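The structure appears right after this line, and notes come after that.
The values are calculated or read from the model by the stated rules, or taken from the named source; none is laboratory data. Just so you know, these numbers come straight off a predicted model, no measurement behind them. Cβ placement follows ideal geometry from the backbone for every residue including glycine, while neighbour counts extend to all protein chains displayed.
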Amino acid sequence: MLDITYLRKDLASVIARLESRKSPQEFLNVEAFTALETERKAIQMRTEALQAKRNAVAKKYGQLKGISKKGGEEGAAATREAAVLLLESGELKSQEESSKARLDAIQAELQTLLLALPNLPHPSVPVGADEHANVLVRTWSPDGLGPRVFDFAPRDHVDVGTPLGLDFELGVKLTGARFTVMKGQVARLHRALTQFMLDVQTQEHGYTECYTPYIVNAATLRGTGQLPKFESDLFAAKKGGQEGEEQSDHTALYLIPTAEVPLTNFVRDVVLAEADLPVLLTGHTPCFRSEAGSAGRDTRGLIRQHQFDKVEMVQIVHPDKSDEALEVMTRHAEAILQKLGLPYRVMSLCTGDMGFGASKTYDLEVWLPGQDTYREISSVSNCEAFQARRLQARFKNAQGKNELVHTLNGSGLAVGRTLVAVLENYQNADGSVTVPPVLQAYLGGLQSLTP
């Protein structure tokens, strides 16, 4: 969530930066915001004036009550005046309460407007409307010469993986479209990839492994920005209470779209010591996404599933360190691809292609020879204070004041897409798949998967 102070001080600049995202549905309703702000200022001044007047009346009333105790004509006059002031005080209290109620309502409306706004792009982010404006940062391949050149026509992961245990038809039978069953060798490879990723992130990069719930409440999703704007992308496990009951943060439950959600919420409503920063967390979870609005895109195979596994990285850092942390986290994700020997490239996303909560994002795209293209396998984002403001995640700085932390998240990596990349890059002409050397120990020394 943006700091409303930015909007109050320089609304034009905020609007310009938001519009660089090229997402009109996310723009601020300027007329509504301006009208609410104008009313807020007027109501706030009125409330303060009423409070000051009521305090003055109360003070005068106290003085008159003291005089009234003296008796006589003076005391009687004071008693009469005090009675009038008591009525006035009651009327002022009623007006003040009404004014405060309207002020609270305005603040709630402003909060609703703010919750719908995306993060402001970092100044270093390239400006553009969509992925065509993304900027290539670097490429990597095992020999530095580019992706492997095959002496046969490489097949895609569906054709390679089906004889090895990928079962798309069974997934449809059990659940529906975009669900898959893995059996035998492919299931073992999928598990090996997960274990390998966790070992690298914890043993080499210093992350603390965590096991979290796969179902969270609305407050948790609001903290990281999935609610209220992206509810249609979520799978609801439980919506509302009994029929007719109003939905609340605790009666509404959702399947997590990524482990970023529970991991980042570890610090919700927490004030950390500065010495506790940075906090590095990782976890493996299934992820559930309805993929609303993506009908017809990437429907073949494992590329765009409703359920997929991911090893997530989250960092909670000092605001001065988040730019550096983004570069480090990107290298942590790259390390997995390099150890697996998978060619990839790093792209700096433009303003129009970034996620809702990100101020800057790097995408890692792995080479898939069966599709003859690069595909996203990890997004690593710096959200700066955007999520922390929603979460009220803070630390006590050197001056003893509470300050918002910065939050970062990234895939380290998406397990299913990594499986796709291994199947396609390590396939052989006879239909077998060579197991990358770093994974062989996780598969009991197995060197290849054979149909």
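Remarks
- Qualifying residue in segment 96-118 (condition: farther than 18 Å from S379 by Cα, in contact with a Lys or Arg (Cβ under 7 Å, 6 or more places away or on another chain) and in a loop (DSSP other than H, G, I, E, B)): yes
- Residue tally, condition more than 21 Å from T194 (Cβ to Cβ) and modelled with pLDDT of 95 or more, over segment 241-265: 3
- Residues (buried (at least 16 other Cβ atoms within 10 Å of the Cβ) and assigned to a loop (DSSP other than H, G, I, E, B)) located in segment 191-211: H205, Y207, C210
- When K339, K310, K321 are checked against the criterion of being surrounded by fewer than 20 Cβ atoms within 10 Å (Cβ to Cβ), at pLDDT 95 or above, outside any loop (DSSP other than H, G, I, E, B) and in contact with a strand residue (DSSP E or B) (Cβ under 8 Å, 6 or more places away or on another chain), a single residue qualifies: K321.
- Note on segment 423-438: residues that are in a helix (DSSP H, G or I) and surrounded by 18 or more Cβ atoms within 10 Å (Cβ to Cβ) total 3.
- Any hit, segment 212-230, residues being buried (at least 22 other Cβ atoms within 10 Å of the Cβ), in contact (Cβ under 8 Å) with a residue 24 or more places away in the chain and under 20 Å from I377 (Cβ atoms): no
- Residue in segment 51-68 that is assigned to a helix (DSSP H, G or I), at pLDDT 90 or above, under 30 Å from V125 (Cβ atoms) and not assigned by TED's automatic domain parsing to the domain that holds R390 present: no
- Filter result (more than 26 Å from the chain's Cα centre (by Cα) and either assigned to a helix (DSSP H, G or I) or crowded, with 19+ Cβ neighbours inside 10 Å (or both)) within segment 181-190: M182, G184, Q185, V186, A187, R188, L189
- All told, A76 meets the bar of being among the aliphatic types (A, V, I, L, M) and in a helix (DSSP H, G or I).
- Per the listing P154, P163, the residue uniquely buried (at least 17 other Cβ atoms within 10 Å of the Cβ), closer than 27 Å to V422 by Cα and touching a Pro at 6+ places or on another chain (Cβ under 7 Å) is P154.
- Long-range neighbours under 8 Å by Cβ, at least six apart or interchain, first residue farther than 30 Å from P118 by Cβ within segment 29-53, second small (G, A, S) and assigned to a helix (DSSP H, G or I): R46/S99; T47/S99; L50/S99
- Condition met for A414 (out of contact with any helix residue (DSSP H, G or I) (no Cβ under 7 Å at 6 or more places or on another chain), modelled with pLDDT of 95 or more and crowded, with 24+ Cβ neighbours inside 10 Å): yes
- Among (1) farther than 30 Å from P262 by Cβ; (2) crowded, with 24+ Cβ neighbours inside 10 Å; (3) not basic (K, R) - the single one G445 does not satisfy: (2)
- Of the criteria (1) surrounded by 12 or more Cβ atoms within 10 Å (Cβ to Cβ); (2) at positive phi, which one G144 fails: (1)
- Verdict on F386 being in contact (Cβ under 8 Å) with a residue 60 or more places away in the chain, under 19 Å from L120 (Cα atoms) and either more than 12 Å from the chain's Cα centre (by Cα) or surrounded by 24 or more Cβ atoms within 10 Å (Cβ to Cβ) (or both): yes
- Residues of segment 342-381 satisfying the condition of being among the aromatic types (F, W, Y) and either part of a loop (DSSP other than H, G, I, E, B) or without any contact (Cβ under 8 Å) to a residue 40 or more places away in the chain (or both): F356, Y374
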